[in-house]
Amino acid sequence: MHEELPRTRLKSNTRKEARDNQRWRILEAMAHLAGKRGYAEVSVAHVIERAGVSRKAFYEYFADREDCFVTAYEELSERLVRDLMKEGERAQGGDRTRAQLGRYLDVLSLDLPMARAFVVEVMGAGAKSLAARERVNTQFDELVFGHTSRDPIVRKALIAGVNDAVAGALLGKKVKDLRSLLPSLVRFVHQT
């Protein structure tokens, strides 16, 4: 007969960290797979397999596949917006546009499938996805590109132009480093 080992009680922050880690793995798996396969081809089964979690765990966090994708898009985009704001603050004395666009391209270049998910696949992932994209673009408009123009329509057009150039590069599959787009995008923003 085996002697049962006493169970150690997890501290609440350890349990929370484990749950946060699990949730993050699901979001990351969704984003990566949507970029690699295309959102329409990604199932919950694909996500849980890549994330290494159970189906039950997936549904503890998300209502369905679309909810997971939209959440991944929103949360990762919020992190990017904060990062770009910090980059803009550091570049106050220099070229803020170049610094922020450079950082944007650097971050997207770190994981091209994830970049494709959030620049290209977000457009075809449903109405909730498009609404999330609009909210994120509004954040970019106000917080990142607010210094470029007082006209919100011009700022919206700048975001659309930058995203279209990035989408074209991602769909062309020849780009390994989106940073190569920086000189053209800076000229575009400054000429507008």
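For this structure, a couple of remarks:
- Close pairs (8 angstrom Cβ cut-off, 6 or more residues apart or separate chains): within 21 Å of GLU89 (Cα to Cα) in region 143-162, of a type in the set (S, T, N, Q) and in a loop (DSSP other than H, G, I, E, B) anywhere: THR148/THR192; SER149/THR192; ARG155/THR148; ARG155/SER149; LEU158/THR148; LEU158/SER149; LEU158/THR192
- Any hit, region 121-140, residues being under 18 Å from ARG96 (Cα atoms), part of a helix (DSSP H, G or I) and touching a residue at least 12 places away in the same chain (Cβ under 8 Å): yes
- Qualifying residue in region 38-52 (condition: under 16 Å from the mean Cα position of the chain (by Cα), at pLDDT 90 or above and closer than 25 Å to LEU110 by Cα): yes
- Scanning region 78-101 for residues that are touching a residue at least 24 places away in the same chain (Cβ under 8 Å), surrounded by fewer than 18 Cβ atoms within 10 Å (Cβ to Cβ) and more than 15 Å from the chain's Cα centre (by Cα) returns MET85, ASP95, ARG98.
The values are calculated or read from the model by the stated rules, or taken from the named source; none is laboratory data. What you see is a predicted model; the values in this text were computed from it and never measured. Reconstructed Cβ throughout: ideal geometry from the backbone, glycine too, with neighbour counts over all protein chains shown.
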